[in-house]
Each structure stands twice: as C-alpha cells, then as structure tokens.
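Notes follow the structure.
The values are calculated or read from the model by the stated rules, or taken from the named source; none is laboratory data. Small disclaimer: the values here were computed from a predicted structure and weren't measured. For neighbour counting, all protein chains shown are included, and Cβ atoms are generated from backbone atoms with ideal geometry for every residue, glycine included. For accessibility, only protein heavy atoms count, side chains too; no ligands or nucleic acids. Shrake-Rupley method; radii C 1.70, N 1.55, O 1.52, S 1.80 Å.
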Amino acid sequence: MTPQTPQQQARIVIVAIVVTVATTVLGAGGGYLLGGPVAAAAAAASIGAGALLSSFLVRGRILGRLAESRQAAAVQGYADGIAHMVLAHTAAYEAAVFPISGPGAVTPQERAARRTRSYALAAEEELPHPVRRAAAAALAALDNGNPAASQEAMQNLFFAVHEQTVRP
C-alpha cells in the first residue's frame, strides 16, 4: 500500500465528518416522513451513532498511516541532511587539498582533520548508496591529488546529492 500524503488523509477525515452529518440528517428526515418527530429522533440517533462509529474506525486507520508517513519523512529528511553534510565536508576537504592561497596555506593537521571528517560522514549507514558511491569516488580523487579528476568527481557528488534531495 502506498503511503498517503497528509493532504489525502485530511480529505478522508473531512469526508468522514461530512458523511456522518449527512447520514444523521437523512436519517432524521426519513424518520420524520415515516413516523413523525419521535421516529425522526430515533432514526437520527441510530444512524448517527453508526456513522460516528465508522468515523472513529476510519480515524484510527488514518492516524496509524499518518504516524507511518511521519516516520518515513523523518528517515528521508535525515538521509538528505547527511547527504548535504557529506557534500559540504568533502568540499571543505577539497579546499584543503587545493587551497586557493597556495600550497602552504593549509597545515597538514588541518588537511588530515578535514579528510577524517569527510571519510567519517561518507561512511554513515543512513547515507543513500548513490551518494555514498559518489563521495567515495570524490574522496579517492582528492587523495590522488589530481585537480581535473577531483573536480569531475565533486561535480558527480553534487549531482548525486541533488538527485537524492529533490522531490517531484
């Protein structure tokens, strides 16, 4: 079963409320036509109670699906956040490997720290596989020190993160 969006779930709840009210009114009208005010009250009460019961049953299913949707959104948001962090930290490592200010602008300790952080984030279990693969290629290219290959690998990492986080 495909998960429903919150908008679809809200529509179902609204329809359930409308159906409950409509059946109660129709029951009261039918009861009035068939037996007068006492029959109208009895029909409205019985039909309204049945519609209310069915609305509560639908409500329980909707709330269960809503909890599933929220959990799925949280997992997806976490994966998207890690993907963006991998991109940012790999770009920081790229800046340490190829500093604009020249070869002496970044200390070996800073470069090693940025490398360690980039590798640690790329190894996160929740990171989507396409982003992990692109990050591994980018980190390998940066470790080799080839500017052209590094630039292409960073571009591929950017596109992998973009594909991961853009929703239709």
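A few points about this structure:
- The chain - percent of accessible surface contributed by carbon and sulfur, probe 1.4 Å: 66 percent
- Cα gyration tensor, segment 102-147 - rounded (a/c under 1.5), prolate or oblate: oblate
- Surface analysis of segment 1-117 yields an accessible area of 66 Å² per residue, using protein heavy atoms and a 1.4 Å probe.
- The C-alpha atoms of the chain define a longest principal axis, and helix 129-144 lies at about 10 degrees to it.
- From the C-alpha gyration tensor of segment 81-168, square roots of 5λ in Å: 23, 13, 10
- Rounded Å value of the spacing that divides the Cα centres of segment 31-49 and segment 97-130: 75 Å
- Compactness of the chain was expressed as the Cα radius of gyration divided by 2.2 N^0.38 Å, which yields 1.91.
- Rg/Rh ratio calculated on Cα atoms of segment 17-58 (Kirkwood radius): 1.03
- For segment 1-81, taking Cα atoms only, Rg and Dmax work out to 18.6, 65 Å respectively.
- CD proxy at 222 nm, helix term only [per DSSP H run n ≥ 4: -39500 (n - 2.57); per residue of the chain; nearest 500]: -30000 deg cm²/dmol
- Dipole axis of segment 33-168 (+1 Lys, Arg; -1 Asp, Glu on Cβ), positive-most option in 108, 79, 137: 79
- Summary value for the chain: 19 percent relative contact order, contacts being C-alpha pairs under 8 angstrom separated by 6+ residues.
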